[in-house]
1. Can you work out ³J(HN,Hα) from phi for every residue in the range 408-415, in order, using Karplus 6.51 cos²θ - 1.76 cosθ + 1.60 and θ = phi - 60°, giving whole Hz and x for Gly and Pro?
2. Could you derive backbone 3J(HN,Hα) for the range 280-294 from the dihedral phi with the Karplus parameters 6.51, -1.76 and 1.60 (θ = phi - 60°), listing whole Hz in sequence and x where the residue is Gly or Pro?
3. Among the trypsin sites (Lys or Arg not before Pro) in the range 370-476, which ones are in a DSSP loop with at most 16 other Cβ atoms within 10 Å of the Cβ? Mind listing them?
4. For the range 2-283, give the share of DSSP beta bridges that are antiparallel, in percent and rounded to the nearest 5; count only bridges with both residues there.
5. Could you work out [θ]222 nm for the chain from helices alone, using -39500 (n - 2.57) per DSSP H run of at least four and dividing by all its residues? Round to the nearest 500 deg cm²/dmol.
6. Roughly what % of DSSP beta bridges within the chain run antiparallel, to the nearest 5?
7. Let me have the relative contact order for the chain, percent, based on Cα pairs under 8 Å that are six or more residues apart.
8. Take the cross-link list Lys204/Lys403; Lys154/Lys449; Lys298/Lys465 and give me the ones stretching past 19 Å between alpha-carbons.
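Read-outs: derived from the displayed coordinates by stated rules, not from any lab. The structure presented is a predicted model; accordingly, all values stated were derived computationally and were not measured. Using ideal geometry, Cβ is built from the backbone for each residue, glycine included, and neighbour counts are taken over all protein chains shown.
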Amino acid sequence: MSKVTLFQLNDTHGYLEAHPELSWTPDGPALSILGGFARIAEVLNTARMEAPGSVLAFDNGDTFHGTPALALSRGEVAVPVLNALGLSAMTGHWDFAYGPLQTAHLAEMLTYPFLAANCHAVTEAGPHFQATTVCRADKLSIGVIGLAATILDKTMPPSFSEGLRFTDGIEEARAHAANLRAAGCDLIVVLSHLGLPQDCALAKAVDGLDVILSGHTHNRLEKPWVVNDTIIMQSGCHGSFLGRLDLTIGNGSITEYDHRLIPISTDIAEDPDVAELVAQAIAPVAGMRAQIVGTTDKILHRGTCLDAPMDDVLLAAIAQAADTRIAFSNGWRYGAPIPIGPVTLHDLWCIIPTAPPVETVDLTGAEIIAMMEDNLEATFACDPFNQRGGYVKRFCGLSFVVKLENPVGHRIEQAFGPDNDRLDPKTTYRAAFVTQQGVPARYGRNRRKTGVAAVAALMSWFGAKTQVRPGRIRIV
């Protein structure tokens with residue numbers, strides 16, 4: 001019998017230090033201070049001292065983007081911190097936000113491989129990423145297959161995947177698992193950024209996968225799911241939790257397992273060396289933290305699927321900047337909550353670290369309904385591999401009554417405009433949006449730039465706080 005411990009870190013989105021994190025109570029949302037790579041390092045160090053040679057740690061990606069320090073350095077300030085954790089491999093998604101060549105450059109800076117078996121170069125300019133790696137733990141060979149986000153060349157800005165093609169990873173996982181078994185691996189682990197629904201589908205489609213470390217959908221699994229004898233775990237987001245899976249292996253299979261979702265609380269001591277590296281990484285944006293731009297009387301978060309207070313604020317700011325009553329943004333999941341009280345410039349950059357420009361577009365009522373139908377399908381598709389959104393597209397100035405169980409293209413039963421009147425399919429409505437992921441290019445006409453970037457729009461809104469009717473979806 002051999003014993004192996006796997007640690008999982010997923011969807012940290014650039015939060016290198018402790019921060020507020022959302023939890024749900026019978027009375028609604030609440031916040032606690034969680035996270036911080038110095039505390040994560042301490043948890044890993046302790047486990048390695050208790051079981052030398054038996055501990056492996058992995059990163060599921062969404063690591064190099066999401067907070068000002070990382071966005072402004074194109075991910076590079078995080079590299080010394082990550083290397084200090086002693087990780088065995090990672091994969092990615094928003095890690096491609098600076099373009100594939102920068103992703104490849106970041107991968108070269110790491111002391112462990114960046115795996116993406118489902119990433120294929122289609123031009124000479126497209127970089128190549130390693131597909132698998134083999135790790136040793138307690139005399140066992142553990143084959144690891146990396147699967148990057150399949151949506152990178154489908155719903156993300158084109159610059160994320162220039163020269164690359166991404167598949168769902170099923171055929172690659174099947175082939176690499178067979179090859180790794182044939183090469184003598186005792187355990188097959190998939191390091192995935194497909195999302196929990198797709199990882200369940202992957203486990204059903206591919207026999208012989210022992211463990212899937214799942215990322216992308218920010219699920220906090222307090223116990224793993226088991227699908228087709230594959231153990232699937234996912235551990236929240238923002239580095240607020242660390243997943244631990246203890247395995248007992250005998251005769252070439254897992255005989256026992258124990259899982260823990262570890263809150264990275266302030267009760268955990270900080271590794272002093274990693275704490276110093278974090279301090280160095282965030283020092284360039286200290287001025288942003290000192291600049292108060294306004295206040296909030298409610299928790300600003302993105303922890304809900306249909307709409308969220310953080311996005312209500314962003315949409316109000318976009319609409320104000322463009323002088324419209326309707327606005328759209330993407331259903332992003334990233335962004336740690338902002339507590340009641342002062343709001344800083346640093347907070348605004350965490351809301352929308354891409355800092356895209358605000359534009360306007362003319363859309364007919366029919367186009368608005370079609371766009372939202374497409375988005376509802378991308379969020380709630382019965383086929384997990386058609387789920388290509390984050391949360392539902394965010395909007396203000398509109399309301400929809402929907403039946404999620406209806407067939408594709410027929411979920412919206414009623415749609416209302418800015419004056420609470422029925423949305424007229426033939427009427428043209430002027431709407432604001434953030435470039436890249438607000439209104440897809442196939443919808444609308446007369447796109448115009450406002451000359452205002454999203455962060456600047458937020459700063460102006462917090463100074464004036466004009467009221468815009470929040471968008472809502474009512475499920476019936």
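1. Going residue by residue, I get 3, x, 10, 7, 7, 9, 9, 9 Hz, with x marking Gly and Pro.
2. Taking θ as phi minus 60°, the curve returns 5, 5, 8, 4, x, 10, 4, x, 5, 5, 8, 8, 7, 9, x Hz for the range 280-294.
3. Numbers: sites: Arg388, Lys393, Arg394, Lys403, Arg411, Arg422, Lys426, Arg430, Arg442, Arg445, Arg447, Arg448, Lys449, Lys465, Arg472, Arg474; in loops: Arg388, Lys393, Lys403, Arg411, Lys426, Arg442, Lys465.
Qualifying residues, ordered by number: Lys403, Lys426, Arg442, Lys465.
4. On the way: 38 of 60 bridges.
Rounded to the nearest five, the antiparallel share is 65 percent.
5. Values: 12 runs with 122 residues, N = 476.
Only helices count here, giving -7500 deg cm²/dmol.
6. On the way: 63 of 92 bridges.
That works out to approximately 70 percent antiparallel.
7. 16 percent
8. Details: Lys204/Lys403 28 Å; Lys154/Lys449 24 Å; Lys298/Lys465 14 Å.
With Cα atoms farther than 19 Å apart: Lys204/Lys403; Lys154/Lys449.
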